[in-house]
Amino acid sequence: MTHVKPADLVTRMIDAGEAKVHLSTRDTLIRSFMGAALLTIAAAFAVTVSTQTGEPLLGAILFPVGFVMLYLLGFDLLTGVFTLAPLAWLAKRPGVTVRAVLRNWGLVFVGNLAGAIMVAVLMAIYFTYGFSTEPSEVGLAIGEIGEGRTVGYADHGAAGMLTLFVRGVLCNWMVSTGVVFAMISTSVTGKVAAMWMPIMLFFYMGFEHSIVNMFLFPSGLLLGADFTIMDYLVWNEIPTVIGNLVGGLTFVGLVLYATHGRTAPSRRPAVAGADADPVVSEPTAARERELV
């Protein structure tokens, strides 16, 4: 069978988190740069499909192609390391400290930002014939997304900020589920099918993904949208990053670690009999590994 059972899945998550924390600076930057580049090209593709067909659902169905490509190639996103790296620290893996986890997050953020901005510049050139014409229909659509998701939130004040944060939480709940699903099968077909579902959901629902936004907002600015860099940072990127951290770590990493990695003892009754010693059941996590 190609399915990886939840107890073994958590071990894989911890192993992955440890490997990412110990990865060299050079390789961390390269992998995060390319991870963001592939994901954001897919975002441009999905907006193109949605705009040209008038069917947002079709764009959402096709968007996960970028996520699949980057994880099959072993590249990284900030949203993924938010979830995996802390688990290696909780499991007390050698050399995994809070400082090492923060270093990993910082490097991945820098690499993701560079990759996303590169794609933003390339796509802006593509949409304007090298800035010699007005943006195409798709370029205008990207600019509208950037404007709506910055000043659009600002118009609602504190309620807008809360909504932005919650959308960031919900986003990385789904995206980190996709990251974990990349490990839930040993076959390429199984990995692709599993990853596709939560990524399609987050994109269609309009949740806020910090790396996708690293592309959409610079693109919007390059294409003439009416908002500022400060609007982008205060009314999108910073709250989105915090929401992504909370969503992925809380609803995916810690939940799976708590129930499948540090499973409480089973409540199976003791063997009946006056002289029988109480039976102490083995942890459920160990039992899960034996089940077919």
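Listing for the model above:
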| quantity | calculated |
| --- | --- |
| GNM result for the chain, Cα springs below 10 Å: residue of Met195, Met13, Met205 fluctuating most strongly | Met205 |
| Leu72-Leu58 pseudo-label distance in nm [points 7 Å out on the Cα-to-Cβ vector] | 2.3 nm |
| R0 of 35 Å, Cβ-Cβ distance Ile30-Thr259: FRET efficiency to nearest 0.05 | 0.50 |
| Cα principal axis extents for region 160-247, largest first, Å | 45, 27, 17 |
| Whole-Hz couplings from phi, Karplus 6.51/-1.76/1.60, listed for region 248-260; x for Gly and Pro | x, 6, 6, 8, 10, x, 5, 5, 5, 5, 5, 8, 10 |
| Alpha-carbon Rg with Dmax, taken over region 46-130, Å | 17.4, 53 |
| Crossing angle, helix 78-90 versus the chain [Cα axis fit, 0-90 degrees, rounded to tens] | 30 degrees |
| Using alpha-carbon coordinates, inclination of helix 210-222 to the longest axis of the chain, degrees | 0 degrees |
| Relative contact order computed over the chain (Cα-Cα under 8 Å; 6+ residues apart), in percent | 26 percent |
| Amide H partners (placed H, <5 Å) of Ser185, local residues excluded | Val4 |
| Extension gain (nm, one decimal) between Asp15 and Thr97, 0.36 nm per residue minus Cα-Cα | 28.1 nm |
| Length gained when the stretch Arg267-Ala158 is fully extended (0.36 nm per residue, less Cα-Cα span) | 34.6 nm |
| Folded to 0 to 90 degrees: helix 157-181 orientation relative to the chain principal axis, Cα | 60 degrees |
| Debye, to nearest 20: dipole size of region 1-79, +1 on Lys, Arg Cβ, -1 on Asp, Glu Cβ | 80 debye |
| Scattering profile of the chain at q = 0.07, 0.14 Å⁻¹ [log10 I(q)/I(0), Debye over alpha-carbon scatterers] | -0.30, -1.00 |
| Helix-only [θ]222 nm of the chain, DSSP H runs n ≥ 4, -39500 (n - 2.57) each, per residue, nearest 500 | -22000 deg cm²/dmol |
| Region 9-80: relative contact order as a whole-number percent, Cα under 8 Å and 6+ apart | 36 percent |
| Positive-pole candidate from Thr11, Val119, Pro198, dipole of the chain, charges at beta carbon | Thr11 |
| Residue of Ala46, Ala60, Ala91 that the Gaussian network model of the chain assigns the largest fluctuation, springs spanning Cα pairs under 10 Å | Ala91 |
| Burial ordering of Lys5, Lys20, Lys92, fewest other beta-carbon atoms within 10 Å first | Lys92, Lys5, Lys20 |
| Radius 15 Å from Cβ of Tyr71, net charge of other residues (Lys, Arg +1; Asp, Glu -1) | +3 |
| Dipole magnitude of the chain about its Cα centre (Cβ charges: Lys, Arg +1; Asp, Glu -1), debye to nearest 20 | 1000 debye |
| Length-normalised contact order of region 16-158 in % [C-alpha pairs under 8 Å, at least 6 apart] | 34 percent |
| Listed residue (Thr163, Leu107, Gly54) projecting farthest to the positive dipole end of the chain, Cβ model | Leu107 |
| Estimated inter-spin distance, Ile242 and Phe131, nm [label 7 Å along Cα→Cβ] | 3.4 nm |
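All of the numbers you see were taken from the coordinates with simple rules; none came from a lab. All values derive from a computational prediction rather than experimental measurement. With ideal geometry, Cβ positions are generated from the backbone for all residues, glycine too; neighbour counts draw on all protein chains shown.
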